[in-house]
1. For segment 476-564, give me every one of the strands (runs of 3 or more DSSP E) that falls completely inside it and has 1 or more residues that are over 24 Å from the mean Cα position of the chain (by Cα) and under 22 Å from residue 457 (Cβ atoms).
2. Tally the residues that are within 22 Å of residue 393 (Cβ to Cβ) and of a type in the set (Phe, Trp, Tyr), restricting the search to segment 132-179.
3. In segment 91-105, what residues are at pLDDT 90 or above, over 29 Å from residue 283 (Cβ atoms) and either open to solvent by 20 Å² or more (accessible area, probe 1.4 Å) or of a type in the set (D, E, K, R) (or both)?
4. Is it the case that segment 177-189 has a residue that's open to solvent by 10 Å² or more (accessible area, probe 1.4 Å), of a type in the set (A, V, I, L, M), over 27 Å from residue 128 (Cα atoms) and touching a residue at least 60 places away in the same chain (Cβ under 8 Å)?
5. Every residue in segment 26-58 that is open to solvent by 60 Å² or more (accessible area, probe 1.4 Å) and not aliphatic (A, V, I, L, M), please.
6. Can you pull out every residue in segment 392-430 that is under 16 Å from residue 495 (Cα atoms) and open to solvent by 60 Å² or more (accessible area, probe 1.4 Å)?
7. Filter segment 147-176 down to residues that are assigned to a loop (DSSP other than H, G, I, E, B), open to solvent by 10 Å² or more (accessible area, probe 1.4 Å) and either at pLDDT 95 or above or in contact with a Lys or Arg (Cβ under 7 Å, 6 or more places away or on another chain) (or both), then give me how many there are.
8. Would you pick out the residues in segment 228-254 that are under 50 Å from the mean Cα position of the chain (by Cα) and in a loop (DSSP other than H, G, I, E, B)?
Amino acid sequence: MPLVKKPMRYAHPEGHTDVCYFTGEKKGLLTCGADGDVRAWLNLMDDDPAASCVSEQAISVVSKNGKIFVGNDNNTIQILNYPDLEKEGIVTRFSAPISALATTKNSNIIVSGACDMRIQVTDISTSNNIELLGHEAPILGLSLDPKEEFVASSSADGSIRVWNIKEKRVINTWTNIIPKSNSFFTAKIYGVPSFHPKDGSCLAYPYMKDVVLVERYSWKELFHLKCINIKSEINICKFSECGTLLAASTVYGEIIVWNVETKELVGYIEHQQNAKITALSWNIDKSDEIAFCDSLGQLGCIDVIISDNTTLNESTLETNGDVKDNDIAMSGEEDDDGENVISLNKIKASADLEDDENSNSDVVSEKLQPDTNILGPEIHLQPPFQPGSSPTHLLSRFMVWNDVGMVRCFTSEDGDDSSIEVEFHDATIHRSMHINNYLRHTIAALSSHALALNCPSNSDTCSKFVVVALQGWGSGNKEWSLDLPEDEEGHCVAAGDNFVALSTSKRNLRIFTVGGTQREIVALPGSVVTMNGLKNDLVLAYHNGIGASGDQCMNLLLIQIRGVHLYSRTLCLPLSPSSELMWLGFSDLGSPVIMDADDVIKVYSKKSSLWRVASDMSEQSKGKADHYFIIGVSEEQSIARCILCKGSHYPPTTPRPVVSEIHLNPPLCAIGSDKTEKELKLWRLGTNPLEENEAVLSLIAIACRSNLEYRAVELCEQIASEKVIELAIKYARRLNRIALSNKLETIADTKETEKGKGNENENKNKNESENNDNCNEDVKSDDEPLDNDIKESTFSLTIAKKPDIEIKPLSISAALSIKRNNPFLKDGNSPTTKGLANLDITPEKPQKLSTPISASSKSKTKDASKKETFISWYAKNKKSLQEEFPELSPADLTKRALTRYKEKDTASPNNISSPSEPKKRKLSPEKEETNQPKRASSKILSSFAFEK
């Protein structure tokens, strides 16, 4: 038989087990398994293998340069020596268990993949590390090109990809090759690919029950390797070191070997217990032995026996249909009728090449390389994601984590049970919630007013959008849901104070109120990447085209929802070279903020309409593979609330990560110098005017000390305020820089003149705007003139009252005596009593009115002339008042004296009017009316003096 199976040995407990051949002089086998041990076997019959525990579970093992490299559940690749198996260090680190390792015989590169969807290409001689991002599920298998140009990977997202290492991009993808899963340990099929070990001229990968071989560079299918005896899907395929044989294993425990050159089936063997084969490895020195491990933790070896005179019989032709075609093609009689026949002779003849050496086919592939790259460029567009979330394939993940709260999803390993937990940072907003995720929601958005969820469609149901209103008036059910059309899937959700939004696969942006009323459906110009909301604002990133050399070309759509109306603005999205968008949101001041895969935070300035580089977070992290998971950005405090993720972009759900506040410092040059520290204070976000003035003054002082007066002048002209310029002038005079101080004085004068002109222009503009507002027939413009009229009337009244209060009584009486001519004065020579005019005057009235008026006017003038001021009266009566009120302080005594003085003034006119006759009472109202303004003015003056 071509394949001879040896007895199997117990190696590790039941679970995933890996095996490889040791590359050192002593040779042997290396295994690792679910018990966390690494065992070194001299051969399969070794009864006492050396063992070393590296972690709770060791998943993958390779050997290179006499060392052992083990990927474990501690998220590290551990280096062990041989034969002591002692730890010598760590190659790299991930944020999840390492699931796959790969290398080649003559290379110093080790390729590693983990359950956090990342691939790292590490040169163990230089420690250089290259990270490949793009898979959406854990890595299942890897293969390194012997020319160190490409890496092939299989993932639980169902795809197999080929990566260009230098360009860090995907050059070809085969989708739906592997059944999708969300965990490496629950994946049914690994789909491990394999490059040709000599020159990498072809790549083999398993697909269903076949092994597909594709050509290098063009990645077009060459042929399939088949076997009719296979009972289940192929799990792993591996080339032998010579490159002529290819082995494959299935999930049912079958192992198959083909001859690649002749495409014939070498042998087929079954597992006794039908256990899944988890690892395959060819002997490094000779391609005559295969080592394998199964899911039961057993180790086995198969001897491959190849006879020199290999002949094809009927059974072999039946098991491999392609062998039959190849035999026909290689015979002298070629059949041109077969469309599926692949003949190397035809390919060589079409390329005008001689059929003398097999290496000529490699020359053809090398020559065809530029053409294939030009004809088929690989386009990679970033898929949609939810900001503040972790990947959907994880069993426990964050659906969203922002400044309001967090939404976590927990799924069982079998996928039957799933739940969602909602927790708020502020318990006054809403209590924590626990939701049964029977609809299998994958994306969520959270605000202080709403929780939005969306689940993908399946064979039975459509994609569903569910919203839970957290606040609002009234009682009743505050949860509502809507089904999307059958051919429409939800990609991203966002929630604000007065809206919830859903972007779909049809490039529609569906906007709803929090209560469930459907609003506008906005058509998007490109496929959505992510979106977020805050208060009444919505920001959305979408693809605007294909970027050059792996760049992402995106735009940003900023929408303001104000009542019935929507206001929008489109911005270009700046990303680092060959980088993807990792977070999108708003700052506390409402400015759009982004962070890319290089951990560079950029904030959009609404004043300048430009993107400012706020901080480069990679400079603040501890390791190259460490990243920050953004929760929120405070523009006022110039900090970012984030989580440091060791070796990953996403934090684990348990234990609960610690949120830290990192200061946002722009990546200026010459960090560490005094000048740069002052510049950081000046240009970072959230600086107050006092700090800015201090920073500018410090920069001016540094420029003066460095004998760079032109820099100080430049700072005063462009940045410094008037106060800073005054202080700079004093500082220059203190340093005896007379010319500099004079120059700064001229700058201050020019700024004052410019400021005056600016104020004049502003006043003119205000007057013009007021005139225009008065002309408009608007409600607001009608109210404003009314207010102005009221202010003008009150102002004029105060002006009219002011002279009455300030004028002394003497001047008033004098003015009244001058202005009024009394017709009732007794004067015989008066012309008023003569002539016909005297007939209109009755004799009683002048007799009654003349005497009191004259008496009163005389008494007024006498009292006014004899009236004593409060100061003189207080000086005379101070001693008597002190004796009368000894307990009062000087201030209280002055107040009491003022009241006495007022009582004396008010009592004096009553004493004058009391002895008057009853006939004179008729004129008392007129007298009171004439004296009333005088009394009112005196009271106002006295109260004003009392307040003083």
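The values are calculated or read from the model by the stated rules, or taken from the named source; none is laboratory data. Keep in mind that what you see is a predicted model, and the values were worked out from it rather than measured. Quick reminder, even Gly has a Cβ in these numbers, built from the backbone with ideal geometry, and neighbours come from all protein chains shown. Accessible surface areas use protein heavy atoms only, side chains included; no ligands, DNA or RNA. Shrake-Rupley method; radii C 1.70, N 1.55, O 1.52, S 1.80 Å.
1. Details: elements: 479-483, 490-495, 500-504, 508-512, 518-523, 528-534, 537-546, 552-562.
Qualifying strands (runs of 3 or more DSSP E): 479-483, 518-523.
2. 2
3. Matches in segment 91-105: 93 only.
4. Within segment 177-189 (the criterion being open to solvent by 10 Å² or more (accessible area, probe 1.4 Å), of a type in the set (A, V, I, L, M), over 27 Å from residue 128 (Cα atoms) and touching a residue at least 60 places away in the same chain (Cβ under 8 Å)), the answer is yes, since at least one residue qualifies.
5. Answer for segment 26-58, where residues must be open to solvent by 60 Å² or more (accessible area, probe 1.4 Å) and not aliphatic (A, V, I, L, M): 26, 27, 43, 47, 48, 53, 56.
6. 403
7. Count: 1.
8. Restricting attention to segment 228-254, the residues satisfying the condition of being under 50 Å from the mean Cα position of the chain (by Cα) are 231-241, 243, 246-254.
Of everything in segment 228-254, those that are under 50 Å from the mean Cα position of the chain (by Cα) and in a loop (DSSP other than H, G, I, E, B) turn out to be 231, 232, 233, 240, 241, 243, 251, 252, 253, 254.
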